[in-house]
1. Please go through the stretch 13-32 and give me each residue that is out of contact with any Leu (no Cβ under 6 Å at 6 or more places or on another chain) and under 19 Å from Gly71 (Cβ atoms), ordered by number.
2. Looking at the stretch 58-86 only, could you name the residues that are of a type in the set (Phe, Trp, Tyr) and at pLDDT 90 or above?
3. Going through the stretch 3-18 one residue at a time, which ones are within 16 Å of Trp63 (Cα to Cα) and of a type in the set (Asp, Glu)?
4. Can you find, within the stretch 33-52, the residue that is farthest from Gly71 (Cα to Cα) among those that are in contact with a Lys or Arg (Cβ under 6 Å, 6 or more places away or on another chain) and not aliphatic (A, V, I, L, M)?
5. Condition check: at pLDDT below 95 and surrounded by 12 or more Cβ atoms within 10 Å (Cβ to Cβ). Does Ile43 satisfy that?
6. Residues being among the aromatic types (Phe, Trp, Tyr) and over 22 Å from Phe53 (Cβ atoms): count how many of those fall in the stretch 17-43.
7. In the stretch 19-40, what residues are in contact with a Ser or Thr (Cβ under 9 Å, 6 or more places away or on another chain) and more than 17 Å from Val62 (Cβ to Cβ)?
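The values are calculated or read from the model by the stated rules, or taken from the named source; none is laboratory data. Computed from a predicted model, the values in this text were never measured in an experiment. With ideal geometry, Cβ positions are generated from the backbone for all residues, glycine too; neighbour counts draw on all protein chains shown.
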Amino acid sequence: MHLVLTFADYEVSGDGNDDIGNFVVIGRFDRTNGECNWIKTYIRRHDVCYRGFREGKGIWGVWELPGDSGGFHIWPLGQEEGEQDQESAEEPLPVGAVATET
């Protein structure tokens, strides 16, 4: 999956593509507890609901479709899955990301 997300004013937005097709992302995030919720809408297709939590520079959580669900992990482009950056700094926006879904 190729994904670009922007986090601003408690909203998350973005776009990308994967093996299903092109999609857009619209949702919200909470800076205090790191919770993120969004809907990934495939162009002229279906929606997938996501709920996750930011930990370090990644987001882990669950995606849901009617009758199906699985886990996901999103991390910044250029880092390996699970790699943590120990520096405390603001991330530039938008952020290119890679993701895995199960």
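1. Within the stretch 13-32, Asp18, Asp19, Ile20, Phe23, Val25, Gly27, Phe29 meet the criteria.
2. Residues satisfying the conditions are Trp60, Trp63, Phe72.
3. Once the filter is applied, which keeps residues that are within 16 Å of Trp63 (Cα to Cα) and of a type in the set (Asp, Glu), the stretch 3-18 yields only Asp18.
4. Selected residue: Gly34.
5. no
6. Looking only at that region, the number is 1.
7. If the condition is that a residue be in contact with a Ser or Thr (Cβ under 9 Å, 6 or more places away or on another chain) and more than 17 Å from Val62 (Cβ to Cβ), then Phe23, Val24, Ile26 are the ones that fit.
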